[in-house]
């Protein structure tokens, strides 16, 4: 026994702890620290999105265009549910990042157990609500009759993944806030392997339809969620999860909700506005639905790195603001935007050049591929604007100001987008009109969020002076 009465850790445990030590984002070269922190975030996001992408690859190539459209028609509903809870995980991460920068160990412990309580309750409630309302919402979205039952089968099974998905996202927010972005990626990698294997078995060998893809995702999310729980239970620091101590602290809950609810509502309302877009898409026929479904997967090559830089900005800003290093905080945000724009411009050009190959991965239907190419030539030249709005919005959340980015994004990406959708489709009834609403909304949001970030950063400098 050790002097403290604990059993000494094995060499394997010591090695694991050494590899997963937190990255202190308040010291060292800002750009390098952000890049190294963002890489595992990108890896985790890519792997998590790989679940549905792999599903779509199998569905599109084994089951055909109607099955692909069924998955696409149901995906926005699940995104709406997940979006709200992702906002709460952002709130949790910001609370812990600020506490980490301030060195407040007890607050970190209370936040970990409060977050677990929120995950369990919220996951169960939202899953039940989704199961009850899924058919009604799909009908309201003008889902074509020929794919309705397939879409409903997919979404009802997929909803069972919500609780483990919420657990994983919340726990990942906790782990990332301490400066460790690598461990969540490893749990997602485990899930990806399981998802790939289950997709192959259920659809290739068992002859299942879209329900096989949904069951594969459930198994993958369950593995990642349980893995993140076990990881926190085995820690020996303020981040240790003890099941018997799970309870919701009123003070911590209010702080998480103050930051997380605006972010969650923002995600939900954006998804709802996307449902309006999806409704317009659904009215253009099954081939166009399948093309937009494939487009949203091809788009992930651009979108996910941007999200990773945004998540890195949130943690970087939180830790440095907590430590009173506002100059470093501003430098880090500029680095995020510079790296994000450089990557996005390069990949946009490559995807427009090799777009036929990219869309061919998701569909063998020539009409679907050609339609997809028309979409990316409208949106991808302007995708760099999304870097500016995403990083500035996440940086604002890192300061604890979640209401302002929510208001801007809701006005620009929801209200303005919906109004533009109506105006464009009335004047120009085509899929290019639908696609054009995206870059217009990005521009408006990028301008507003740049202004508000500069104002917030100046206010933080004044408070810390």
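Structure notes:
- Considering the stretch 121-139, and only residues there that are within 21 Å of the chain's Cα centre (by Cα) and surrounded by 16 or more Cβ atoms within 10 Å (Cβ to Cβ), the residue that is farthest from residue 88 (Cα to Cα) turns out to be 130.
- Qualifying residue in the stretch 135-154 (condition: under 23 Å from residue 223 (Cβ atoms) and touching a residue at least 40 places away in the same chain (Cβ under 8 Å)): yes
- In the set 456, 390, only one residue is crowded, with 17+ Cβ neighbours inside 10 Å, under 20 Å from the mean Cα position of the chain (by Cα) and either at negative phi or in a helix (DSSP H, G or I) (or both); that residue is 390.
A quick yes/no check of all residues on (1) crowded, with 20+ Cβ neighbours inside 10 Å; (2) over 18 Å from residue 45 (Cα atoms); (3) touching a helix residue (DSSP H, G or I) at 6+ places or on another chain (Cβ under 8 Å); (4) modelled with pLDDT of 85 or more:
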{"residue": "286", "(1), (2), (3), (4)": "yes, yes, yes, no"}
{"residue": "298", "(1), (2), (3), (4)": "yes, no, yes, no"}
{"residue": "305", "(1), (2), (3), (4)": "yes, no, yes, yes"}
{"residue": "312", "(1), (2), (3), (4)": "yes, no, yes, yes"}
{"residue": "333", "(1), (2), (3), (4)": "yes, yes, yes, yes"}
{"residue": "350", "(1), (2), (3), (4)": "no, yes, no, yes"}
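- Condition check for residue 402: touching a helix residue (DSSP H, G or I) at 6+ places or on another chain (Cβ under 7 Å), under 25 Å from residue 325 (Cα atoms), in contact (Cβ under 8 Å) with a residue 24 or more places away in the chain and buried (at least 18 other Cβ atoms within 10 Å of the Cβ): yes
- Filtered residues of the stretch 203-215 (kept if buried (at least 23 other Cβ atoms within 10 Å of the Cβ) and either over 18 Å from residue 127 (Cβ atoms) or free of Cβ contacts under 8 Å to residues at least 12 places away in the same chain (or both)): 203, 210, 212, 213
- Residue that is nearest to residue 327 (Cα to Cα), among those in the stretch 411-448 that are within 21 Å of the chain's Cα centre (by Cα) and at pLDDT below 85: 413
- The stretch 360-369, residues that are outside any loop (DSSP other than H, G, I, E, B) and touching a helix residue (DSSP H, G or I) at 6+ places or on another chain (Cβ under 8 Å): 360, 367, 368, 369
- Boolean, residue 464 is touching a helix residue (DSSP H, G or I) at 6+ places or on another chain (Cβ under 6 Å), within 21 Å of residue 268 (Cα to Cα) and surrounded by fewer than 23 Cβ atoms within 10 Å (Cβ to Cβ): no
- The set of residues in the stretch 170-188 being over 15 Å from residue 38 (Cα atoms) and modelled with pLDDT under 85 consists of 188 alone.
- Take the conditions (1) out of contact with any helix residue (DSSP H, G or I) (no Cβ under 6 Å at 6 or more places or on another chain); (2) assigned to a helix (DSSP H, G or I); residue 236 misses just one of them, which is (2).
- Test set (1) part of a helix (DSSP H, G or I); (2) surrounded by fewer than 15 Cβ atoms within 10 Å (Cβ to Cβ); (3) in contact (Cβ under 8 Å) with a residue 40 or more places away in the chain - residue 375 fails condition number: (2)
- Checking every residue in the stretch 245-260 against the condition of being in a helix (DSSP H, G or I), crowded, with 20+ Cβ neighbours inside 10 Å and at pLDDT below 85 gives at least one match.
- Taken together, the criteria place residue 179 among residues that are buried (at least 19 other Cβ atoms within 10 Å of the Cβ) and not in a helix (DSSP H, G or I).
- Residue 291 vs. criteria crowded, with 24+ Cβ neighbours inside 10 Å, at pLDDT 70 or above and more than 22 Å from residue 139 (Cα to Cα): no
- Check on residue 356, outside any loop (DSSP other than H, G, I, E, B), touching a residue at least 12 places away in the same chain (Cβ under 8 Å), surrounded by fewer than 17 Cβ atoms within 10 Å (Cβ to Cβ) and touching a helix residue (DSSP H, G or I) at 6+ places or on another chain (Cβ under 7 Å): yes
- When every residue of the stretch 305-316 is checked against the conditions, none turns out to be more than 20 Å from residue 39 (Cβ to Cβ) and part of a helix (DSSP H, G or I).
The values are calculated or read from the model by the stated rules, or taken from the named source; none is laboratory data. Being a predicted model, the structure only gives us computed values, none of them experimental. Heads up, the Cβs are rebuilt from the backbone with ideal geometry, glycines too, and the neighbour counts pull from every protein chain shown.
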